[in-house]
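So the structure is just underneath, and the comments pick up after that.
The values are calculated or read from the model by the stated rules, or taken from the named source; none is laboratory data. Computed from a prediction, not measured in an experiment: that's the story for all the values here. So basically every Cβ, Gly included, is an ideal-geometry build from the backbone, and we count neighbours across all protein chains shown. Surface areas here come from the heavy atoms of the whole protein model, side chains and all, with no ligands, DNA or RNA. Shrake-Rupley method; radii C 1.70, N 1.55, O 1.52, S 1.80 Å.
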Amino acid sequence: MITLYLNGLEVSVEEGMTILEAARFMGFPIPTLCHQDGLSPYGACRLCVVEIGEEPKTKLVSSCTYPVEEGLHVRTASQRVMHARRMILELLLGSCPQSKTIQDLASMYNIRQQRFRQEYENCILCGLCVRMCEEQMMAKAIGFRSRGENRSIGTPFDIQSEDCRRCGACIYICPACQLRCTYTEPERAICGSCVNLSPPCLEKEEFKDMMCYMEPCVACEIKKG
Amino acid sequence: MNPEHIQKIIEDHHNGNQTGLISILEEIQTKYSYLPEEALKMVAQKLKCSLVDLYAVATFYKAFSLKPRGKHLISVCLGTACHVRGGERIASEFQRQLGIKPGETTSDNQITLEAVNCLGACAIGPIVVVDGHYFSNVTAQKVKEIIHKARTGLDRVDIRSDEKIFPVEVSCPRCNHSLMDKNKYIDGYPSIRVTVSFNLKHGWLRLSCLYGSFSVDHEYEVPVDEIVNFFCPHCHAELRSSSSCVECGAPMVPLLVRGGGGTVQICSRRGCKGHMLDLTGVNV
């Protein structure tokens with residue numbers, strides 16, 4: 001057993017656990033996008049950042065990949081963590097503004113305005129689908145391709161892979177959920193969680209980047225005033 | 001694409017596990033100037049790794065291309081130093097004259113244009129490299145000439161216009177006897193005469209003494225890619241250095257530079273352009 005301090009509370013957890021597992025076991029919520037029980041930890045979305053160490057030498061690490069250490073001081077919701085997490089969420093929202101999952105997380109973290117240009121990438125490169133395909137479906141049909149800003153996920157040569165059984169697990173697990181949400185017949189979509197997705201409520205050029213997930217809606221506020 | 005060639009390349013580098021992937025891909029890229037889809041599938045099958053992983057490696061490295069490349073490669077530097085001296089203008093001039101964007105190949109499959117981020121020669125920028133030949137201080141006016149040179153082939157270089165090309169006088173590293181042959185001129189200079197043997201054939205070979213020129217004259221036609229054994233025609237010692245060519249891995253042939261106190265090394269593989277000049281204590 002390993003003893004560490006979670007938000008000042010002395011706890012004992014099993015050796016080999018990650019900080020994320022320990023914190024969730026003890027009831028401290030940490031948001032994640034790229035983490036899934038049953039799949040190997042990946043540390044791509046960085047949403048699970050926590051602050052470790054003691055003042056003045058603390059640092060931010062991704063809790064889903066950091067194993068617990070004896071006597072480690074962990075803060076899961078310090079000001080620095082919240083600030084970093086909010087920034088990450090804003091950036092994620094910029095790349096995938098239509099994802100219900102990310103929108104919900106953003107509103108949970110009190111993000112009221114989108115400062116970044118919306119890019120509608122529909123993928124946050126979290127690698128969940130790649131790991132799902134490889135580790136649970138044993139198919140290895142999709143993977144990462146290229147690098148840098150051209151990095152993308154897909155099949156080799158962009159053609160139907162011989163290894164793909166069309167099980168749909170990659171679509172099911174995707175947090176950006178574009179394929180499920182933009183399914184042509186929403187009532188037959190796999191999850192249906194996208195039905196409440198609403199377009200910008202103000203049809204004006206200068207407000208086109210504002211979405212109604214913000215509470216209160218910035219565009220509506222401006223329209224009222 | 002010939003499946004037997006791919007098979008051979010894989011067998012040369014493969015030793016029963018998943019190592020040697022990069023060298024296999026490099027060799028395929030050198031042979032075909034790109035990585036054909038079938039070749040990647042064969043490699044994946046032979047190395048027992050998934051096509052997804054292989055594709056990730058092939059797309060990660062810029063040295064690999066999945067589209068056929070042209071016969072000649074023009075690399076325009078857009079690094080910081082070249083950029084401030086107008087590298088961007090030169091790149092767009094190349095794009096305009098060739099009618100292609102960086103990364104594309106002309107429709108006649110002759111020229112591939114590429115934008116790179118640094119070629120390590122910032123002091124003489126803007127730099128353009130065509131098939132390994134450097135053009136320094138390039139201006140938009142020079143673009144047309146460079147394209148013309150690329151199309152006609154840069155192996156036949158104009159000696160006066162390129163300062164990198166200069167004659168060297170060499171001698172045997174064993175007996176120090178001069179290897180220069182004034183009876184036979186190549187590129188307008190006395191040639192270097194050595195004895196060569198390959199495939200049970202034994203005869204003379206004359207090389208151009210211009211450093212950077214690859215003109216040769218021979219008694220027997222040497223097949224491309226053949227590794228040739230070089231001998232001194234005077235003391236009959238084999239000319240073979242302990243180092244191997246950085247480009248193809250074949251043994252290098254050392255030749256003493258007269259008057260300079262250094263050596264010039266050339267690659268023993270026919271068609272390989274690996275060579276280096278090592279002049280100790282002399283400013284080149």
Q) Could you sort A:D37, A:D163 by accessible area so the largest value comes first, with the probe set to 1.4 Å? A) A:D37, A:D163
Q.
Considering just Cα atoms, how many Å³ per residue does the convex hull of segment A:1-144 enclose?
A. 122
Q. In nanometres, what is the gap between the two model label sites at A:M108 and B:E88, each 7 Å from Cα along Cα-to-Cβ?
A. 4.3
Q. Suppose every K and R has +1 on its Cβ and every D and E has -1 on its Cβ; what is the size of the dipole of segment B:166-278 about the Cα centre, in Debye to the nearest 20?
A. 200
Q: Note down the magnitude of the dipole of segment A:20-129 about its Cα centre, charges +1 on Lys and Arg C-beta and -1 on Asp and Glu C-beta and zero elsewhere, to the nearest 20 debye.
A: 440
Q: Over the residues of segment B:1-149, compute the C-alpha Rg and express it relative to 2.2 N^0.38 Å.
A: 1.21
Q. Taking accessible area as the heavy-atom solvent-accessible surface of the protein chains with a 1.4 Å probe, which residues of segment A:130-167 lose no less than 40 Å² upon going from the isolated chain to the full protein assembly?
A. A:K140, A:S146, A:R147, A:P156, A:F157
Q: With only Lys, Arg, Asp and Glu charged, each at its Cβ (+1 for the first two, -1 for the last two), find how big the charge dipole of the protein assembly as shown is about the Cα centre; round to the nearest 20 debye.
A: 1080
Q.
Could you give me D for the protein assembly as shown, from Stokes-Einstein at 37 °C and 0.692 mPa s, where the hydrodynamic radius is the Kirkwood radius over C-alpha pairs? Units µm² s⁻¹, please.
A. 115
Q: Per DSSP H run of at least 4 residues, take -39500 (n - 2.57); add these up for chain B, divide by its residues and hand me the 222 nm value, nearest 500 deg cm²/dmol.
A: -7500 deg cm²/dmol
Q | Per-selection metrics, chain B (Cα): Rg and Dmax in Å | A | 21.2, 60
Q) How big a patch of accessible area, both sides summed and in Å² to the nearest 100, lies buried between B and A at a 1.4 Å probe? A) 1100
Q | Two-decimal log10 I(q)/I(0) for segment A:128-174, as the Debye equation yields it once each C-alpha is a single scatterer, q = 0.26, 0.28 Å⁻¹ | A | -0.96, -1.07
**Q.** Debye log10 I(q)/I(0) for segment B:166-278, one point scatterer per Cα, at q = 0.13, 0.16, 0.20, 0.22 Å⁻¹
**A.** -0.42, -0.66, -1.10, -1.38
Q) Under a 5 Å amide H to amide H cut-off, with H placed in plane at 1.01 Å, what residues pair with B:F166 once short-range neighbours are removed? A) B:Y211
Q: Quick one: what are the phi-derived ³J(HN,Hα) couplings along segment A:147-156, Karplus 6.51/-1.76/1.60 with θ = phi - 60°, whole Hz, x for glycine and proline?
A: 8, x, 6, 8, 4, 8, 10, x, 8, x
Q: Over every pair of different alpha-carbon atoms in segment B:3-60, take the mean of 1/r and invert it; report that Kirkwood radius in Å.
A: 11.1
Q: Provide the gained length on full extension for the span B:A237 to B:M276, in nm with one decimal, where the gain is 0.36 nm per separating residue minus the Cα-Cα distance.
A: 11.9 nm
Q.
With a 1.4 Å probe and all protein chains kept in place, how much accessible area does B:K182 have, in Å² rounded to the nearest 10?
A. 140
Q.
Please compute, for peptide B:55-68, the average count of beta-carbon atoms on other protein chains lying within 10 Å of each residue's beta-carbon.
A. 3
Q. Taking a label point 7 Å from the Cα of B:E226 along the Cα→Cβ vector, which residues of segment B:199-215 have an amide N closer than 17 Å to it?
A. B:199-207
Q) Cα-Cα over 30 Å: which of B:K31/B:K184; B:K31/B:K149; B:K67/B:K142; A:K140/B:K8; B:K41/B:K71? A) B:K31/B:K184
Q) How many percent of the accessible area of segment A:2-77 is carbon or sulfur, using a 1.4 Å probe? A) 50
Q | Accessible carbon and sulfur surface of chain B relative to its total accessible area, %, 1.4 Å | A | 49
(Q) Please list 3J(HN,Hα) in residue order for segment B:235-247, calculated via the Karplus relation 6.51 cos²θ - 1.76 cosθ + 1.60 where θ = phi - 60°; whole Hz, with x for glycine and proline. (A) 9, 6, 6, 6, 8, 8, 9, 6, 7, 10, 4, 6, 8
Q) HN-Hα J couplings of segment A:43-58 from phi, Karplus 6.51/-1.76/1.60, θ = phi - 60°, integer Hz, Gly and Pro as x? A) x, 8, 7, 6, 6, 8, 4, 9, 9, 10, x, 10, 4, x, 9, 10
Q: Can you find, among A:A106, B:P254, A:T155, the residue farthest towards the positive end of the dipole of the protein assembly as shown? Put +1 on the C-beta of Lys and Arg, -1 on that of Asp and Glu.
A: B:P254
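Just the number please: accessible area per residue for segment B:166-278, 1.4 Å probe, all protein chains included, in Å².
Accessible surface, normalised per residue, equals 50 Å².
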